[in-house]
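Comments concern the structure below.
No value in this document is a laboratory result; all are computed from the given coordinates. Because the structure is predicted, anything quoted here is derived from the model rather than measured. In this analysis, Cβ positions are derived from the backbone assuming ideal geometry, glycine residues included, and neighbour counts consider all displayed protein chains.
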Amino acid sequence: MTKSSRRSVLVAVVAALLAANAWWFFLRAPEPQTPVFELGSTGGLTVNVDAAAAASAPLFDPVRDGWTVGAAAVQDLSSRVRSSAPVDTAPVVSFLTARLADDANSEQVRRALLSLVRQRICFVALVDQAALPKGGGYAATPVHRIVSVRGNDGEVVGCAPPQNPAAASKATI
């Protein structure tokens, strides 16, 4: 093998390696992103909310990274959870009626939902105060099931509601 043919082979190998590196770092398909949060269906379950109920619902404060009612901070929201009325199209669930700031972004929604998941509150009715009737009355607010939320460390945190002690167990004897 002559010097020029050896040089040509080495140049071809270097070019192939550069092309492979370019494909690996720039042209390959991106890995699928996990959603910031995932909400599921409750079978069309809604709750009627009026202005008074909306005003008394906990509000997520992104500055404090917690919930407030009026001016008071609320640590434990479990006392504010209520059960839905039985209807033909949706199961009976325990849910929280809550509010977010009108200008809340997706990161603030994620943090609010993560706070609920950590308290094992997996069903939430997020009140849109702008949708409330101006002259009084009620607005139908959908109840959402929180499936999962991405934690602060990037890991996905699933929501498992606490089991009712009176419910049948799946354990075998």
Which of (1) 20.5; (2) 19.9; (3) 16.5 gives mean projected area of the Cα convex hull in nm² as computed here? It is (2)
Between the Cα axis of helix 3-22 and the main Cα principal axis of the chain, the angle (0 to 90°, nearest 10) is 0
ALA73 and GLN33 label points (each 7 Å along its Cα→Cβ direction) are spaced in nm at 3.2
CD proxy, 222 nm, the chain: helix-only mean residue ellipticity via -39,500 (n - 2.57) per DSSP H run with n ≥ 4, per residue, nearest 500, stands at -7000 deg cm²/dmol
For the range 25-85, listing trypsin sites (Lys or Arg not before Pro) in a DSSP loop whose Cβ sees at most 15 other Cβ atoms within 10 Å gives ARG28, ARG64
Magnitude of the Cβ-charge dipole (Lys and Arg +1, Asp and Glu -1) of the range 37-158 about the Cα centre, nearest 20 debye, reported as 220
Rounded to the nearest 10, the angle in degrees between the Cα long axis of helix 106-118 and the longest principal axis of the Cα atoms of the chain comes to 60
